Amino acid sequence: MSVDATTVKRIGRLARIRIEENEVAAYQSELNAILGFVEQLGEVDVSGVEPMTSVTPMELRRREDAVTDGDYPEKIVANAPLSEDNFFMVPKVVE
Amino acid sequence: MTDLTKLTLADARKGLKAKDFTSVELTQAYLDAIESANPSLNAYVAVTPEQATEMAKASDEKLAKGEGGALEGIPLGIKDLFATKGAHTQAASHILDGFKPEYESSVTANLWRDGAVMLGKLNMDEFAMGSSNETSYYGPVVSPFRAQGSNANLVPGGSSGGSAAAVAAWLCAGATATDTGGSIRQPAAFTGTVGIKPTYGRCSRWGIVAFASSLDQAGPIARTVEDAAILMTSMAGYDPKDSTSVDLPVPDFAAAVERGVKGLTIGVPREYRMDGMPEEIEALWKQGLEWLKAEGASVKDISLPHTKYALPAYYIVAPAEASSNLARYDGVKYGLRVSGKDITDMYELTRAAGFGREVKRRIMIGTYVLSAGYYDAYYVRAQKVRTLIKRDFETAFNDGVDAILTPATPSAAFGVGDEDMNADPVKMYLNDVFTVTVNMAGLPGIAVPAGKDGKGLPLGLQLIGKPFDEETLFAASRVIEKSAGLDFSPTRWW
């Protein structure tokens, strides 16, 4: 499988990465080189094989559903590019 | 006075205990070395001298009273991927500009608990994506090694290139690193240092900037096998904050170093004999087996039939996980923000400006293989192949193999700005062909310097172990280290 220019732009939109028109061709060839490389996986007989979900045989631990941490909003927003009254500030999303 | 920076970590520890010198003196020696070397090597992206001196003073007080932990007063470098409270933590990326976490990663917290001193943050490939340390926003790290008769700059490998270069060039007593596909072992092999990626779950991933969560593991890079074992013992341990961290006791790894290999069976996988592999690497591999045999191990040919599919499967699984993990960098919570006409525009412009080319490429591949209509064909198939890769190893271990010996890398270090590698991403990816299988199967793997190529550049061998049997790896790699008996110090040019 290989990707065309339209697909490159669509992936860019899905990934929320602006791809400029003059970058499309280079991305297309790089992505196709990688997709060409992984194509050999098609040779492997995977019938009846379970996909891996965990490399170590372990059950995911659970904890009590209780508040164990928090109550420091000023630390949460300390690294924000823009914040006010311990809220993250973003451009208006609802008209 | 002897040059304190040249001591092994184990010897520095003895010297501190015997009060031959203080941690402040040792720390200052490293800070001076960094100041003079870093303009040439670019191994550190941030040096924290005030913090280092403060920590060293606190250690000296404990040492004076005959107290202190296993690493009391030992100065370490920390890969920029580990969150360190109030200090530069940017995964060597532009998108995390100015980020100073309010918390400490569990692995570094363990090191400080045991008395270690932080010298600063080490350069790396951006978000640990690379095999040459050239994708860093802060520029490439230059290896302290040069080919005989050449002035050309070589790469230290990646992604933990800053860690490997700093350890080899005596800019820290040891360093933390991380390994998702070979990022500890490949740079260790390129710089004549020892690097171990422990079993998945041995070290907590909490507070380490995530790349591919099912593959990422922390580990040390050090100048000797013993030093690596000492660091590993402090870094490892159960952490309730990482649900994949394993609740197993941590052995004293250093106690296993001189255990020897008598009676062990070492597997030799025929699939690691690659076409076009340099003859000196093939010869070194044979030599490694001879050394282990001479110390009482037996050698057994084995087959790991799905080896060649590990790298392609990795380049589906790792980018897929990365595309999810890196979705959090959106210009809202931390780091860089580029304003746009609306919020989507802001996201897209921020991510376009903040991520480097290799990172963007991998996010795009990951987005594609997870997108509707392609998920089964790519991602699910790759995870099935991963099951088969793990099964190959299980079969070998069930047949009585205790550890597996392979080359660490298919070549010695290459040049900074290598045109072939830069023109073709897949060529760069092939650096990890011998190491990536280990991450896919969650196993421990160690790279140990074993020889030099025709130009005097270090070459490493890799030992792969059973889950949670890092001790055998330390014992066997010590035999190789001792048998090789070579000095892997770079000749100082910087």
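How shielded is B:255-263 by partner chains, expressed as the average number of their Cβ atoms within 10 Å of its Cβ atoms?
0
Averaged over peptide A:73-82, how many Cβ atoms belonging to another chain are found within 10 Å of each residue's Cβ?
Numbers: counts 0, 1, 3, 3, 2, 5, 11, 6, 12, 4.
For this peptide, the per-residue mean of nearby foreign Cβ atoms is 5.
Can you count the Lys pairs in the stretch B:291-419 whose Cα atoms are under 23 Å apart, with each pair 8 or more apart or on different chains? Show your work: numbers first, answer last.
Values: B:LYS300/B:LYS308; B:LYS300/B:LYS390; B:LYS308/B:LYS384; B:LYS308/B:LYS390; B:LYS333/B:LYS341; B:LYS333/B:LYS360; B:LYS341/B:LYS360.
Value for the stretch B:291-419: 7.
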Legend entry - Within the protein assembly as shown, percent of DSSP bridges classed antiparallel, to nearest 5: 65 percent
Legend entry - Cβ-based charge dipole, chain B, positive-most Cα from B:ALA447, B:TRP494, B:VAL117: B:ALA447
Legend entry - Rounded Å value of the spacing that divides the Cα centres of the stretch B:423-494 and the stretch B:221-240: 16 Å
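Give the residue list of trypsin sites (Lys or Arg not before Pro) in the stretch B:230-328 that are DSSP loop and have at most 16 other beta-carbon atoms within 10 angstrom.
Working: sites: B:LYS241, B:ARG259, B:LYS262, B:ARG270, B:ARG273, B:LYS286, B:LYS293, B:LYS300, B:LYS308, B:ARG328; in loops: B:LYS241, B:ARG259, B:LYS262, B:ARG273.
Sites meeting the loop and neighbour criteria: B:LYS241, B:ARG259, B:LYS262, B:ARG273.
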Inset, instruction - Find which of B:TYR429, A:ASN86, B:GLY354 sits farthest along the positive direction of the dipole of the protein assembly as shown, computed with +1 on the beta-carbon of Lys and Arg, -1 on that of Asp and Glu, about the Cα centre. - result: B:TYR429
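Per residue of B:361-370, what is the mean number of Cβ atoms on other protein chains within 10 angstrom of that residue's Cβ? Kindly include the intermediate steps, with their values, before the conclusion.
Details: counts 6, 1, 6, 12, 8, 2, 8, 11, 3, 1.
Other-chain Cβ atoms within 10 Å of each residue's Cβ, averaged: 6.
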Inset, instruction - State the answer as a single residue: which of B:LEU81, B:SER136, B:ILE34 lies farthest towards the positive end of the charge dipole of the stretch B:22-137, with beta carbon charges of +1 for Lys and Arg and -1 for Asp and Glu, about the Cα centre. - result: B:LEU81
Legend entry - For chain B, share of DSSP beta bridges that run antiparallel, in % to the nearest 5: 65 percent
Legend entry - Highest average packing first - A:32-44, B:118-130, B:441-453, Cβ atoms within 10 Å: B:118-130, B:441-453, A:32-44
Legend entry - Ordering of B:30-41, B:79-90 by burial proxy (mean other Cβ atoms within 10 Å per residue, highest first): B:79-90, B:30-41
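Please state the shape class of chain A: rounded when a/c is under 1.5, otherwise prolate if a/b exceeds b/c and oblate if not, all from the C-alpha gyration tensor.
Numbers: a/c = 3.63, a/b = 1.26, b/c = 2.88.
Oblate, because a/c is 1.5 or more while a/b does not exceed b/c.
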Legend entry - Cα shape, the stretch B:271-427, gyration tensor, a/c 1.5 rule: prolate
Legend entry - 12 Å beta-carbon shell around B:PHE414, net charge (K/R +1, D/E -1): -3
Legend entry - Amide H within-cut-off set for B:THR265, under 5 Å, with H built and near neighbours excluded: B:SER298, B:ASP402, B:ALA403
Inset, instruction - Quick one: dipole size for the protein assembly as shown, taken about the Cα centre, charges +1 on Lys/Arg Cβ and -1 on Asp/Glu Cβ, in debye to the nearest 20. - result: 280 debye
Inset, instruction - Sort all Cα-Cα distances of the protein assembly as shown into consecutive 10 angstrom bins from zero, then give the percent of pairs in each bin up to the one containing the longest distance. - result: 4, 18, 29, 28, 16, 5, 1, 0
Legend entry - Relative contact order for chain A, counting Cα pairs under 8 Å that sit 6 or more residues apart, in percent: 19 percent
Inset, instruction - Classify the stretch B:341-494 as rounded, prolate or oblate, taking a ≥ b ≥ c as the square roots of the eigenvalues of its Cα gyration tensor: rounded when a/c is under 1.5, otherwise prolate if a/b is larger than b/c and oblate if not. - result: oblate
Inset, instruction - Can you tell me the dipole magnitude for chain A around its Cα centre, using point charges on the Cβ only (Lys, Arg +1; Asp, Glu -1), in Debye to the nearest 20? - result: 160 debye
Inset, instruction - Would you list which lysines come within 30 Å of B:LYS62, measuring only between C-alpha atoms, while excluding same-chain residues fewer than 8 positions from it? - result: B:LYS6, B:LYS14, B:LYS17, B:LYS19, B:LYS79, B:LYS85, B:LYS100, B:LYS121, B:LYS241
Inset, instruction - Compute the separation of the alpha-carbon centres of the stretch B:148-200 and the stretch A:9-58 and state it in Å as a whole number. - result: 28 Å
Legend entry - Residues A:PHE88 and B:ASP252, FRET efficiency given R0 of 60 Å [Cβ-Cβ distance, rounded to 0.05]: 0.85
Inset, instruction - Please list, or write none, the lysines whose alpha carbon is within less than 19 Å of the alpha carbon of B:LYS452, excluding same-chain residues fewer than 8 places away. - result: B:LYS286, B:LYS482
Inset, instruction - Could you please state, rounded to a whole Å, how far the C-alpha centre of the stretch B:343-370 is from the C-alpha centre of the stretch B:43-114? - result: 31 Å
Inset, instruction - For chain B, give the magnitude of the charge dipole about the Cα centre (Cβ charges: +1 Lys/Arg, -1 Asp/Glu; no others), in debye to the nearest 20. - result: 400 debye
Legend entry - Mean ellipticity per residue at 222 nm, deg cm²/dmol - from DSSP H runs of n ≥ 4 across chain B, formula -39500 (n - 2.57): -11500 deg cm²/dmol
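Taken together, the values in this text are just the output of simple stated rules run on the coordinates, not laboratory data. Computed from a predicted model, the values in this text were never measured in an experiment. Cβ coordinates were reconstructed from backbone atoms using ideal geometry, including for glycine residues, and neighbour counts include every protein chain displayed.
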